[in-house]
Amino acid sequence: MPPLQNSSFNPIIPMRELDTKAATNLLNSIMESELSGVVRYTHYSLMVTGPNRIPIVQFLKAQATESLVHAQQAGEILTGLEGHPSLRIAPIEETHKHSIYDILLESLHHESSALSLYKDLLEVVEDASIYLEEFARTMIGQEELHGMELKKMLRDFSPTGM
């Protein structure tokens, strides 16, 4: 039996040229953001008080560790593209609000910002590098999951701490 013919099916998807400059700039921004997450989450873990302190501190320390791993992953890719890693971290505003609600809300904003950077990276690398596309998609999934977890945690805390 002859193979089915479908005139709209094209098995070869052309890859476009990778915009290395845009990709390395975004990877540097991602590194800076993730490194600020290390500082942010470490600070938050030290500021938590109350009866829920222990599990929340464990969560925040795990977030700090994961942020460091993400920064290192972005840096490895950056140098693989012959880029130069930044020594900066993204700005961190000290709000002096340390209720669990405020900490979780600020964490959610940080994760949303990181999600945006990874989505920007995906736009730059899509159809130009399968590896970078998969990296961006994986990181988007992880950041979306963090956002969902933080939203679930926020359900039990009120802005006034009551």
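Determine the share of the chain's accessible area contributed by carbon and sulfur atoms, expressed in whole percent, with a 1.4 angstrom probe. Accessible surface attributable to carbon and sulfur in the chain totals 58 percent.
Projecting the Cα atoms of His70, Thr20, Ala136 onto the charge dipole of the chain, computed from C-beta unit charges around the Cα centre, puts His70 farthest toward the positive end. At a probe radius of 1.4 angstrom, the accessible area of the range 1-133 per residue rounds to 61 square angstrom. For the range 93-98, putting each phi into the Karplus relation 6.51 cos²θ - 1.76 cosθ + 1.60 with θ = phi - 60° gives couplings of 7, 8, 8, 6, 10, 10 Hz, in residue order, rounded to whole numbers and with x for Gly and Pro. Coupling constants for the range 30-45 follow from the phi torsions by the Karplus curve (6.51 cos²θ - 1.76 cosθ + 1.60, θ = phi - 60°), and in residue order they are 5, 4, 4, 5, 5, 5, 5, x, 4, 5, 4, 5, 5, 4, 4, 4 Hz; glycine and proline get x. Full extension of the chain segment joining Leu87 with His109 gains 5.6 nm, where the gain is 0.36 nm per residue of separation less the Cα-Cα distance.
Per-residue counts of other Cβ atoms within 10 Å, averaged by peptide: what ranking do you get for 46-58, 115-127, highest first?
In descending order of packing, they fall as 115-127, 46-58.
Compute the long axis of helix 130-154 from its Cα atoms, compare it with the longest principal axis of the Cα atoms of the chain, and write down the angle in degrees, 0 to 90, nearest 10. Between helix and principal axis, roughly 30 degrees. Straight-line cross-link partners of Lys97 among the lysines, defined as a Cα under 22 Å from its Cα and at least 8 positions apart when in the same chain: Lys61, Lys151, Lys152. With each label modelled as a point 7 angstrom along the Cα→C-beta vector, the Tyr131-Arg16 pair spans 2.1 nm. Between the residues Thr42, Met153, Ser107, the greatest Cα displacement towards the positive end of the dipole of the chain, with unit charges on the Cβ of Lys, Arg, Asp and Glu, is found for Met153.
Straight-distance candidates among the lysines for linking to Lys21, with alpha-carbon spacing under 17 Å and chain neighbours fewer than 8 residues away dropped: Lys119. Accessible surface comparison of Glu134, Glu93, probe 1.4 Å, protein chains only, largest first: the order is Glu93, Glu134. Spread over its residues, the convex hull of the C-alpha atoms of the chain is 157 Å³ per residue. Between Lys152 and Lys97, residue separation times 0.36 nm minus the direct Cα-Cα distance comes to 17.8 nm.
The values are calculated or read from the model by the stated rules, or taken from the named source; none is laboratory data. All figures in this text were calculated on a predicted structure; none of them were measured in a lab. Methodologically, a virtual Cβ is constructed for each residue, glycine included, from the backbone with ideal geometry; neighbour enumeration extends over all protein chains shown. When the accessible area is computed, the model is the full protein with side chains, heavy atoms only, and any ligands, DNA or RNA have been set aside. Shrake-Rupley method; radii C 1.70, N 1.55, O 1.52, S 1.80 Å.
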